[in-house]
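First comes the structure, then the notes that go with it.
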Amino acid sequence: MVYDASNVSRQIRGGLMTQAIHAGKYGVGIRWTSRYDYERGGKLNVHEHDFYQIIYFIDGKGEFYCGGAAYPLAPGTLFFIRPCVRHGFITYGNTKVKTLDLKFEIADSELRAATSEVQAYQTGDLSEMKACLEKIRREGMYKPLFYKELAEAALIQLLYALVRHDSQAGVKERDVQPAPSRYSGQSSHPSASGEALASRDEPLEAVHRLERYIREHYAEELSLEAIAELLSYSKNYLSHSFKAHYGSTFTRYLRNIRIERAKELIVYSGLSLKQISEEVGFKTVHHFSRVFKETEGINPGEWKLREHDGIRKDVLFDR
């Protein structure tokens with residue numbers, strides 16, 4: 001399959017998609033978003049346009065051309081494309097190329113300046129940017145109350161996260177080791193009086209360590225008591241600090257992480273619901289289905305059908 005960008009460009013010049021976008025209250029304007037599957041051998045013809053574009057590659061292999069340079073196309077890579085920069089890609093291998101695609105404008109001068117040095121080719125941990133792209137697409141597809149405002153807010157988050165990620169590229173992150181107990185000669189569990197002596201930023205450190213542990217081990221059988229012991233905090237202290245910072249209990253936060261990961265697997269993997277439930281940490285598919293419906297309002301099978309109906313569906317934002 002060949003995605004003919006020149007034809008789309010003609011449609012854009014002749015129709016609604018090229019009407020001037022009046023940036024929303026956040027200084028950005030979203031034109032279009034989509035989730036695309038390119039068949040084996042598919043390609044995006046080299047072209048350019050007068051708006052920004054982000055393409056995130058969920059799966060597939062190939063070569064991406066942007067601004068006179070060629071880059072490897074692989075799962076988890078993202079391309080930030082500025083206006084009037086020629087770009088396109090070819091695919092190879094036996095897998096489909098799956099993308100999240102967003103076209104937008106930046107009217108805010110501060111945000112334009114912040115993104116002016118961002119490199120086109122991005123790799124590494126892009127999970128935050130991917131989540132923002134997914135949120136924008138869902139808001140545009142279903143158009144609930146305040147969908148444009150929430151989508152634009154997600155775009156702002158995406159762009160600043162991209163700037164931060166780009167600025168840290170090439171800098172090796174320090175290995176995070178469990179912090180030694182601050183209370184030499186005492187139990188590794190801080191007492192009530194010991195907690196009072198802790199620095200002001202200790203609660204923030206504690207919740208960040210807990211949140212990181214949940215994200216890295218969500219598929220395992222987890223208990224707050226066991227994690228608290230591992231991280232050298234009391235269970236009550238960790239529970240109180242986490243809820244105060246995130247507004248959620250440990251159990252609810254873990255459940256939401258598991259459901260979000262399950263949604264990704266439902267859309268992007270070929271696993272059965274039983275396999276997915278095991279992959280994200282549920283003991284039975286029945287428990288998984290019940291929790292999924294409590295969270296999303298529909299069961300996993302219905303959610304899968306709804307999401308797959310959105311693949312290759314161009315989502316325009318009203319202007």
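The stretch between Ala161 and Arg212, if pulled fully straight at 0.36 nm per residue, gains 16.6 nm over its current Cα-Cα span. How would region 25-134 be classified by its alpha-carbon gyration tensor: rounded, prolate or oblate, with rounded meaning a/c under 1.5 and the a/b versus b/c comparison settling the rest? It comes out prolate by the Cα gyration axes. Extension gain for the segment Ala131 to Cys84, taken as residue separation times 0.36 nm less the Cα-Cα distance, is 14.3 nm to one decimal. Highest mean packing first, where packing is the average number of other Cβ atoms within 10 Å per residue, the peptides 132-145, 265-278, 100-113 line up as 132-145, 100-113, 265-278. Multiplying the residue separation of Glu225 and Thr251 by 0.36 nm and subtracting their alpha-carbon distance yields 8.2 nm.
Given R0 = 35 Å, the distance between the Cβ atoms of Glu264 and Ala107 translates into a calculated FRET efficiency of 0.65.
With a Förster radius of 22 Å applied to the beta-carbon distance between Lys274 and Leu305, the computed FRET efficiency rounds to 0.80. Using the Cβ-Cβ distance between Asp37 and Glu205 with R0 set to 51 Å, the FRET efficiency works out to roughly 0.75.
We did not get these values from a lab; they are worked out from the coordinates using the rules stated. No experiment lies behind these values; they were computed from the predicted model shown. Using ideal geometry, Cβ is built from the backbone for each residue, glycine included, and neighbour counts are taken over all protein chains shown.
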